[in-house]
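Report on the structure given below.
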Amino acid sequence: MVRLLYVIAEQSRVSFELGLRRPKPGRRLSACLWFLLAGFSELAQSDSVADGKALAMEKSKGNCLTCHVIEDGELPGDLGPPLVGMKARFPDAEVLYGQIWDATERNPDSRMPPFGRHGILSKEQIDLIIKYLYTL
């Protein structure tokens, strides 16, 4: 249900920004509903980023700070590259997903644990981490 409302709000926002569907004058209810859903969309997205950050920092899950420098992380490692400009470095989220799922597929000598393949992180958890990483 929450995901459905998020999708509806996101589609409405994009349509409105592109001028494809604007609320008609006198339809205050639909305009109010649009603003409500748009606000809900941003709230849902910020929650998923916060959840992704929590997973990335959690020692029993992502634990990215063990090997990577992250902007607001404490006691980072230096084994892996700093996690900055992630959207520019990985414009295709699927490539980043594969890196987290099993880095040895692209680089057999990688020291990064295969978080997905070993069941440390689920597909949904990796998606949340990617949403967070794309904010860096």
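For the range 35-44, state whether one or more residues are surrounded by 17 or more Cβ atoms within 10 Å (Cβ to Cβ), polar (S, T, N, Q), at pLDDT below 95 and out of contact with any Ser or Thr (no Cβ under 8 Å at 6 or more places or on another chain). Within the range 35-44 (the criterion being surrounded by 17 or more Cβ atoms within 10 Å (Cβ to Cβ), polar (S, T, N, Q), at pLDDT below 95 and out of contact with any Ser or Thr (no Cβ under 8 Å at 6 or more places or on another chain)), the answer is yes, since at least one residue qualifies.
Pairing each residue of the range 86-109 that is without any contact (Cβ under 8 Å) to a residue 12 or more places away in the chain with any residue that is surrounded by fewer than 16 Cβ atoms within 10 Å (Cβ to Cβ) and not β-branched (Val, Ile, Thr), provided the two are 6+ apart or on different chains, yields C-beta distances under 6 Å for Ala103/Ser110; Thr104/Ser110.
Provide a single number: the residues in the range 94-120 that are surrounded by 16 or more Cβ atoms within 10 Å (Cβ to Cβ) and not charged (D, E, K, R). Summing the residues that are surrounded by 16 or more Cβ atoms within 10 Å (Cβ to Cβ) and not charged (D, E, K, R) in the range 94-120 gives 13.
Among the residues making up the range 52-85, those that are closer than 17 Å to Leu121 by Cβ and surrounded by 17 or more Cβ atoms within 10 Å (Cβ to Cβ) are Gly52, Lys53, Leu55, Ala56, Met57, Gly62, Asn63, Cys64, Leu65, His68, Ile70, Leu83. For the residues Asp72, Asp78, Asp51, Asp109, the requirement of being assigned to a helix (DSSP H, G or I) and not basic (Lys, Arg) singles out Asp51.
The values are calculated or read from the model by the stated rules, or taken from the named source; none is laboratory data. The model shown is predicted, which means the values in this text are computed figures rather than measured ones. All Cβ positions, even for glycine, are placed from backbone atoms using ideal geometry, and neighbour counts span all protein chains on display.
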